[in-house]
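Single-structure report; data block below.
Values quoted throughout were computed directly from the atomic coordinates according to the rules given, and no laboratory measurement underlies them. A quick note: this is a predicted structure, and the numbers were derived from the prediction, not measured. Using ideal geometry, Cβ is built from the backbone for each residue, glycine included, and neighbour counts are taken over all protein chains shown.
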Amino acid sequence: MLRRIAIAVTTILLPASAARCQTTDAAYSPQAMIEQMMEYAAESDNGSDADIENTLINSEYLLINAMQPIDINTENQSQLMQVPSMSEIQANRIHEYRSQYGNIGSVAELKTILNTNDDMIKLMQPFITADTTGQRHNASIRELMRSGQHSISTNMKTVLEKQKGYQPDSSGQRYYQGSPASCCIRYRYMAGNRIAMGITMEKDAGESIGFGKQKYGFDFNSGYIRIDNPGRINRLIIGDMKASFGQGLMLGGGLCMGKAASGMLMTPSGNFIREYGSTNESNFVRGAGASARFGNTSITAFAGANLADASCDSKTTFHSIKTDGMHRTNTELMRKDNIRENRAGIIVSHTTHDFRIGAAAHYIEFDKTLTPGSEIRNACMRPMRKALEASVSYQYQGDKISAYGETAMDGARHLATINSIDIDPASGIRISLMHRRYSKQYQALKASSYTQGPRVANEEGIYAGLMLRLNDKISANAWADIYRMPWLGYRINEPTAGHECATSANFLISKTASLQIRCKAKSRQTSDSGRISSGYIKATLSYSPAPGTRLSTAAQWSRYRSSQGTERGYLVHQNAQYTSRNGAISAAARLAIFSAPYNARIYSYENDVSLMMAAPGYFYTGIRYYLMLGTCILRNVRLQARISQWRYSNRSQISSGRQMIDSNHKTELSIYAQYKF
């Protein structure tokens, strides 16, 4: 399921981010948020890599915003909406407050201005700052360009053992055309928060670098220019971008972190465009977009065209869009850039002090006709060459109650709707309720919203979440999701229903020690294994014996039950991290012992070099360890290296097919370098 866990996601150093956030609650640091997001996304069993990909892309923006915090005294509301958990209504309230009373003196004032709880402020705190001088947003674009910072970064990751696909066969030919190393080079330019430029060049393991038919140097090339406040325009982007609207039923791509972040639904994903610098090779717009604000009304428009990978049935039809970005073999290269998609959209949003309403239209057109596969589960999908989709969204944010939702219509007038309400009955308590209903015929290819299935379609469900903070030392989160699918799905040959629930308790033992206990359970129906139930319980003890040092011990037990019987697994690991006060030296290490069958595999987030992120699945029986070291040279050069190894006691071969290694161990080496000037 998870073919590409390690994907380049950011050019900002993880150790530097951790060093900056030492003054905030550790549970709300960018690293802690990403760790939970990655683990929950990796545990998803939707049958695709979409959750991992979206989480990796969102992680990039979390880290960039942590290193380039948004000034809450900015005039640009588009920037404020990039802050995690910041809604458009809250951004408008900040603007109204500044218009009446002047600059905000400190981040602490936001609790009163936004009328929100401490937890929401803590979520925002690593990503915002308060500049009372006004110098940053009063500077001209020419002045900002002179003071901007450039950076060039590169990373490489490779498996040291020989894999079957890279070894010559009897005729001297190799199955994979390129080297086993993945590589990414990025150039970034930042001038405050107002100007950003970037170029990304990347190749995956097995892909070759060269020129010729369907080869243009690196396998994937991307770039963008973003300018905020260029005259009367709020934001201008040229190049690659992501567009987001409402809850993502038509256009997904916001920073909403969902149930993974805190056990409750987060704020809506927002109505905006943002630059795209990820190495994910699909689901972005390549063109131009702009946002403008007229009083309380904002208008965003974008248009572009892009080539996409596809498996084509003929010169005029294709049956699926290939999103894994792999071009290692002749067969995979034949699918590269087989279709052209043209996209355009417009988003209009009006905001008052407590209420926001928005409407959007999205047009998508292919140069070939999408014809769904012949499987019976695809019977509700329709052939499509072009479609005009529409959506409306709303949000109300009162003193104790917040409500928001979206209803979207695809090109064939099938509907999808999602509606949520958050209630704060007392200090330290939040209740979240959400209902969703997606028609089985709903077909919006760029949607990305809350779902238990691989697509935003064929689903109805109710979600309930509870966040409880008893005091400064004890807090708990819990949520449950009950859903049904009225039509057939992946590995499901009949209508079905299921449920998923999770809970976590957090205990602050002392200023330097904490304990978290987390458990999760899920039940669903499949055609081959009947009713499947799975779950885990995990306990993590963290301790900081000295500033910049963190030790954590974790134990996790998993269970998988089907008509074939019950399988169980466990994982125990010890982590150690160190970051010097100035961030110049960093180190991280892990030793893990595990035993689990594949069905009861356990996912666990791991530290990696700055252009990599991983949450691998632990299964079979063995040990795993890694060591990562980082250092600064001459203040503007950063180097990192990580070596990790799987060592199994019950396997003589690892993986299968072209990935097979004829050994009981697998060693990976990651290297990262960054130069700032």
| Peptides 489-496, 321-328 ordered by average Cβ neighbours within 10 Å, highest first | 321-328, 489-496
| field | Ordering of 159-166, 506-513 by packing [mean C-beta count within 10 Å, highest first] | value | 159-166, 506-513
| request: Starting at the first residue of the stretch 436-442, write each ³J(HN,Hα) from the Karplus equation 6.51 cos²θ - 1.76 cosθ + 1.60 with θ = phi - 60°, in whole Hz, x for Gly and Pro. | output: 9, 8, 10, 4, 5, 9, 4
| said: If you filter the stretch 561-622 for trypsin sites (Lys or Arg not before Pro), then keep DSSP loop positions with at most 12 other Cβ within 10 Å, what is left? | reply: 581
| For the stretch 425-571, with the dipole built from +1 on Lys and Arg beta-carbon atoms and -1 on Asp and Glu ones, taken about the Cα centre, which of 463, 475, 450 lies farthest toward the positive end? | 475
| Mean Cβ count within 10 Å, highest first, over the residues of peptides 401-408, 534-541 | 401-408, 534-541
| query | Going toward the positive end of the dipole of the stretch 293-409, with +1 on Lys and Arg Cβ and -1 on Asp and Glu Cβ, which of 323, 361, 346 do you reach last? | reply | 323
| task | Just give me a number: lysine pairs in the stretch 320-409, eight or more positions apart or cross-chain, with C-alpha atoms less than 22 Å apart. | result | 6
| query | Put +1 on the Cβ of every Lys and Arg and -1 on every Asp and Glu Cβ in the stretch 591-677; which of 605, 640, 625 then has its Cα farthest towards the positive end of the dipole? | reply | 640
